[in-house]
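A.B. asks: The structure's right below; bear with me while I get my questions together.
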């Protein structure tokens, strides 16, 4: 039934964004793997639970929405020809580390 659908929810720190005003706060799903980076959610993490109850770190969620740092800078294969483009994810970084980098760039924390 449509009335029984679960809306997206958030855990951890609440940020000043429209999503947080409309979503429900839930307990942090400790030890549940993030569907993006596959690292387990820790008690100190911020993130969301999708309507399918999939857990995501907040930074992984941002990375999924806005793309890698190379994509945001328009230097990935989506924008440049082969040989000139950078890889989407920085070499040697885990998916979680690359997601943090992409989120920091998107939020203006780094240039």
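Each value in this text was obtained by applying a stated rule to the coordinates, not by laboratory testing. Since we're looking at a predicted model, the values are computed, not measured. Here the Cβ positions follow ideal geometry from the backbone for every residue, glycine too, while neighbour counts run over all protein chains shown.
A.B. asks: Which one is nearest to residue 14 (Cα to Cα), of the residues in segment 45-63 that are in contact with a helix residue (DSSP H, G or I) (Cβ under 8 Å, 6 or more places away or on another chain) and in a helix (DSSP H, G or I)?
C.D. replies: Out of the qualifying residues, it is 58.
A.B. asks: Do you know which residues across segment 27-43 are surrounded by 13 or more Cβ atoms within 10 Å (Cβ to Cβ) and in a loop (DSSP other than H, G, I, E, B)?
C.D. replies: Across segment 27-43, the qualifying residues are 28, 29, 30, 32, 34, 35, 36, 37, 39, 41.
A.B. asks: Condition check: within 11 Å of the chain's Cα centre (by Cα) and over 21 Å from residue 26 (Cβ atoms). Does residue 100 satisfy that?
C.D. replies: Yes.
A.B. asks: Restricting the search to segment 93-111, which residues are buried (at least 17 other Cβ atoms within 10 Å of the Cβ) and under 16 Å from residue 46 (Cβ atoms)?
C.D. replies: Passing the criteria: 96, 99, 100, 102, 103, 106.
A.B. asks: Evaluate segment 78-91: report whether one residue or more is more than 14 Å from the chain's Cα centre (by Cα), in a loop (DSSP other than H, G, I, E, B) and on the phi > 0 side of the Ramachandran plot.
C.D. replies: Checking segment 78-91: at least one residue is more than 14 Å from the chain's Cα centre (by Cα), in a loop (DSSP other than H, G, I, E, B) and on the phi > 0 side of the Ramachandran plot.
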